[in-house]
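*Asks:* Have a look at this one before I ask anything.
Nothing in this text is a laboratory measurement; each read-out follows from the coordinates by a stated rule. Just so it is clear, the structure is predicted and the values come from calculations on it, not from any experiment. Note that we place each Cβ from the backbone using ideal geometry, even for glycine, and neighbour counts take in every protein chain shown.
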Amino acid sequence: MNGKRGAEGDSDGGDPSDAKGEGAWDADPVELGVELLRKFEGSELSVAAAVDRIETVSTDPAITREVLDQAERRGVIERENGMLRTRDSGFVRYESEVISKDGEFTCRRCGTDLGTGYFLKLEAGEHGPFGSSCIRKVTGRERE
């Protein structure tokens, strides 16, 4: 195993058995996706932007739909005219909820090779790695 983790090889949103040791693989992808939406910094985002974030967890369309449905049922988001409004307006505390690790990684969002990976420490599990700009985009701290 070369130590790389990331979006490659999980296009079905399945169980990447070669990525042992990363907490996100032990987490329920629906729970991770709902928590990502709960932690989004901002009050509104497009469905496309939400899907971009959810696809860092799984690219399986059924899981994406379930994340959106569960988030709406739990009151995390409201859907209207292709937009999502966050109801909790949470945020990620970078000092305690983002950790960096040195190694060989692949960004879960954009697929770039990384020497340093940034991981979100969420209640549902650890999620990453991301590059320095993608971690800001996934959390909503930086808009595209």
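*Asks:* Count neighbours as other Cβ atoms within 10 Å of each site's Cβ, and list the trypsin sites (Lys or Arg not before Pro) in the range 25-106 that are DSSP loop with at most 16 such neighbours.
*Replies:* Answer by residue number: ARG74, ARG87, ARG93.
*Asks:* Which cross-chain or sequence-distant (5 or more) residues have an amide H under 5 Å from the amide H of LEU122, H modelled 1.01 Å from N in plane?
*Replies:* Placed amide hydrogens put HIS127 under 5 Å from LEU122.
*Asks:* Can you compute the modelled spin-label distance between ASP28 and MET83, with each label point 7 Å from Cα toward Cβ, in nm?
*Replies:* Going by the 7 Å Cα→Cβ label model, 3.1 nm.
*Asks:* Let me ask something else about it. Calculate one ³J(HN,Hα) per residue across the range 27-37 by plugging θ = phi - 60° into the Karplus curve 6.51 cos²θ - 1.76 cosθ + 1.60, and present them in order as whole Hz with x for glycine and proline.
*Replies:* With the stated coefficients, the range 27-37 comes to 8, 6, x, 5, 4, 4, x, 5, 5, 4, 5 Hz.
*Asks:* Which one of GLY90, VAL67, LEU120 is farthest out on the positive end of the charge dipole of the range 35-144, using unit charges on Cβ (Lys, Arg +1; Asp, Glu -1) and the Cα centre as origin?
*Replies:* So the residue furthest toward the plus end is GLY90.
*Asks:* Check which residues have an amide H placed less than 5 Å from LEU114's amide H, if you skip close sequence neighbours.
*Replies:* The list, which skips near neighbours in sequence, is PHE105, THR106, CYS107.
*Asks:* Please list 3J(HN,Hα) in residue order for the range 68-83, calculated via the Karplus relation 6.51 cos²θ - 1.76 cosθ + 1.60 where θ = phi - 60°; whole Hz, with x for glycine and proline.
*Replies:* 4, 5, 5, 4, 5, 4, 7, x, 6, 9, 10, 9, 7, 6, x, 10
*Asks:* Next up: What do you get for Rg/Rh of the range 74-144 when both radii come from the Cα atoms and Rh is the Kirkwood radius?
*Replies:* Reported Rg/Rh, Kirkwood definition of Rh: 1.03.
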